[in-house]
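What follows is a set of notes on a single structure, which appears directly below.
The values are calculated or read from the model by the stated rules, or taken from the named source; none is laboratory data. Note that this is a predicted model, so its numbers are computed, not measured. All Cβ positions, even for glycine, are placed from backbone atoms using ideal geometry, and neighbour counts span all protein chains on display.
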Amino acid sequence: MRRIWSGLAVTATLTLTVTGCATEIAGVAVPDPRQPGVALTSDGYGIVTGFADAPVQLELYTEPQCSHCADLQAAFGEDLKAAITTGQLAVTYRPLTFLDDEYLTDYSAVASNTLFLAVDPATDAGTFQTYVEDLWANQDLSLFDFVDQDFADIAADSGLSDDIVSRIADGDPGVDTTELLEVNFAALAQASPESLGTPVVYDLTQKEPVDITDDNWLADLLGSS
């Protein structure tokens, strides 16, 4: 049965890593089997995807019911995944849930909670990014009487482990969603005081928001690294 998570009305990063390497046996190059993973930020309310030494480090503020956030994932999700899995990029996801109060639902809190359930040694960064893309692509669920199994089905299709899928289906708690909104909204206000909406992409190296209205924003960042 769907859990109810409390929200907060609102008006308005870290990582693990290893550099990729290769071994040659009998003239055949064997890629390093290790893949970038996912980890919690030090405050526990962000999710880092990618290697800690990735040359481009971004923080992405996103709301599960935000249509512009869904557009961002649809347009750039696969490019983000490619850059993350090749070690060029690390993305820290900081979910927000302020639209729950506006739409009188707990969808954003439940969806955000599933992201934290996916933070597990069994989850590689590429699979996590796939789940993010699929979750935002299916945000129409918020318009219906959704249940935990709906999110579990998306997680399974995205390639998350059976154990994580089961925990999502059971509605297990992964994060305090009230604290999540408070902490991440405060971080958003500090990172982008002139724009408190979502999505916001923040360059952790340059310490400034990225202009994502430019279609080449990601390519430019990766090209300059």
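What number of residues within region 93-106 satisfy the criterion of being of a type in the set (S, T, N, Q) and either modelled with pLDDT under 95 or surrounded by fewer than 22 Cβ atoms within 10 Å (Cβ to Cβ) (or both)?
1
Report, by residue number, each residue of region 37-78 that is surrounded by fewer than 21 Cβ atoms within 10 Å (Cβ to Cβ), under 14 Å from the mean Cα position of the chain (by Cα) and acidic (Asp, Glu).
Hit for region 37-78 is Glu78, nothing else.
Any idea how many residues of region 84-102 are over 17 Å from Leu60 (Cα atoms), outside any loop (DSSP other than H, G, I, E, B) and out of contact with any helix residue (DSSP H, G or I) (no Cβ under 7 Å at 6 or more places or on another chain)?
2
Go through region 103-133 and report how many residues are outside any helix (DSSP H, G or I) and within 12 Å of Val175 (Cβ to Cβ).
Looking only at that region, the number is 2.
Before we move on, is Thr198 more than 20 Å from Leu40 (Cβ to Cβ) and modelled with pLDDT of 95 or more?
In short, yes.
Check Leu117 against each of (1) surrounded by 18 or more Cβ atoms within 10 Å (Cβ to Cβ); (2) closer than 22 Å to Ile212 by Cβ; (3) among the hydrophobic types (A, V, I, L, M, F, W, C) and name the one condition it does not meet.
(2)
Give Ala152, Ala109, Ala189 a once-over and let me know the one that is crowded, with 21+ Cβ neighbours inside 10 Å and farther than 17 Å from Tyr93 by Cβ.
Ala152
Tell me which of these Trp136 doesn't satisfy, since it passes every other one: (1) in a helix (DSSP H, G or I); (2) more than 14 Å from Pro95 (Cα to Cα).
If we test Trp136 against (1) in a helix (DSSP H, G or I); (2) more than 14 Å from Pro95 (Cα to Cα), just (2) comes out false.
Within region 162-178, restricting attention to residues that are in contact with a Phe, Trp or Tyr (Cβ under 7 Å, 6 or more places away or on another chain) and part of a helix (DSSP H, G or I), which residue is nearest to Val119 (Cα to Cα)?
Ile168
Search region 130-149 for residues being over 16 Å from the mean Cα position of the chain (by Cα) and acidic (Asp, Glu), and hand back the single one that is surrounded by the fewest Cβ atoms within 10 Å (Cβ to Cβ).
Asp145
Going through Leu188, Leu218 one at a time, which residue ends up being under 19 Å from the mean Cα position of the chain (by Cα), closer than 18 Å to Cys66 by Cα and assigned to a helix (DSSP H, G or I)?
Within the list Leu188, Leu218, the selection yields Leu188.
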